[in-house]
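The block underneath contains the structure these notes are about, expressed in structure tokens.
The values are calculated or read from the model by the stated rules, or taken from the named source; none is laboratory data. These figures come from a predicted structure and were not determined experimentally. Quick reminder, even Gly has a Cβ in these numbers, built from the backbone with ideal geometry, and neighbours come from all protein chains shown.
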Amino acid sequence: MIGNQPIGFFDSGWGGLSILKTARKTLPHENFIYVADCGFAPYGDRSHDFIVERARKIASFLLETKQAKALVIACNTATAEAIDSLRRQWPQAIIIGVEPAVKAAVALSKNKRIGMISTNRTAQSERYHRLLERFGHNATIFSQGCPGLMECVEAGEFNTPDTRKLLHQYLAPMLEQKIDTLILGCTHYPFLSQAIEGIAGPNVTLYEPSLAVVRHLQNRLADINALKVNGVGEETFYVTGLTDHRKSVACRLWGKTTLFENLEV
Ligand code: DGL
């Protein structure tokens with residue numbers, strides 16, 4: 001039975017689709033349920049208590065109502081603020097988060113000068129500072145909170161003049177510092193890669209962690225023999241505050257027309 005249970009994912013909006021897309025390629029047989037908490041987004045400047053409360057409600061929907069066999073917090077901000085509480089509340093569950101990839105970026109960088117862009121909440125979080133202490137000591141890391149960027153993705157403005165202007169404002173100081181690697185510390189930002197590369201130029205390598213997250217998920221499920229090994233996997237999307245505009249942006253990001261259900265939690 002457990003192999004056939006779905007895997008749950010959530011984010012404050014559509015950013016987590018950057019993780020879901022990699023999961024779909026890597027785990028073609030699995031059924032996925034994705035919750036986009038658009039009605040309560042963005043999380044990036046909310047309080048710790050607000051984010052924990054949202055994460056608990058969505059985790060309860062996915063783990064209890066939908067009987068998900070694993071939960072992926074496809075959001076750096078919710079991981080930073082809420083993963084410890086969720087693991088305390090559901091100690092038996094497989095709960096996987098996503099964090100700024102400091103370790104991988106330090107290994108990748110040649111000049112050991114690295115930028116990290118994320119929400120304010122992630123950049124200021126204790127978990128991120130612990131990552132810097134553990135893995136960042138051999139490098140100089142410039143961290144930048146970027147309010148407004150996730151909204152560009154949610155609005156479907158992936159490479160417009162306004163989006164590029166905001167990106168330029170956030171990236172210019174770290175580009176002056178001659179970074180050669182840029183950590184995308186928010187799951188929305190891979191959808192801005194083209195615009196970011198246009199500003200950062202060919203000497204800066206972008207790093208986003210979706211493959212590492214999905215491999216970790218795959219290993220955890222394999223360890224307990226819970227991978228689904230046949231059949232074509234399906235995705236179901238639930239959205240708080242569902243609107244036509246949100247649907248159309250999601251279809252552009254996901255790459256195909258899909259059905260969405262409004263969720264009230
Ligand atoms: N996608 C999210 C992250 O990875 C959060 C964006 C937001 O809600 O501010 O941090």
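You will find that of 211, 206, the residue that is more than 25 Å from residue 160 (Cβ to Cβ), touching a Ser or Thr at 6+ places or on another chain (Cβ under 7 Å) and not small (Gly, Ala, Ser) is 211 and no other. With respect to (1) of a type in the set (Phe, Trp, Tyr); (2) closer than 14 Å to residue 238 by Cβ; (3) within 15 Å of the ligand (Cβ to nearest atom), the lone exception for residue 50 is condition (2). Touching a strand residue (DSSP E or B) at 6+ places or on another chain (Cβ under 8 Å), modelled with pLDDT of 95 or more and not in a helix (DSSP H, G or I): which single residue out of 100, 42 fits that description? Criteria check complete, one pass: 100. If you take the residues in segment 76-99 that are polar (S, T, N, Q) and closer than 15 Å to residue 131 by Cα, which one is farthest from the ligand (Cβ to nearest atom)? Among those that are polar (S, T, N, Q) and closer than 15 Å to residue 131 by Cα, it is 79. What are the residue pairs meeting all of these: first residue in segment 1-26, first residue in contact (Cβ under 8 Å) with a residue 40 or more places away in the chain, second residue of a type in the set (Phe, Trp, Tyr) and within 15 Å of the ligand (Cβ to nearest atom), Cβ atoms under 6 Å, and 6 or more apart or on different chains? Cβ pairs passing all conditions: 9/34; 12/43; 16/9; 20/9; 20/34. Checking the structure you have, find out if any residue of segment 124-147 is within 10 Å of the ligand (Cβ to nearest atom), in a helix (DSSP H, G or I) and modelled with pLDDT of 95 or more. The answer is no; no qualifying residue exists.
Just to verify a result, which residue in segment 102-123, among those that are hydroxyl-bearing (Ser, Thr, Tyr) and under 15 Å from residue 182 (Cα atoms), is nearest to the ligand (Cβ to nearest atom)?
Pass one, segment 102-123, residues hydroxyl-bearing (Ser, Thr, Tyr): 109, 118-119, 122.
After this cut, where a residue has to be under 15 Å from residue 182 (Cα atoms) as well, the list is 109, 118-119.
On the way: 109: 22, 118: 6, 119: 4 Å.
Ranking the qualifying residues of segment 102-123, first place goes to 119.
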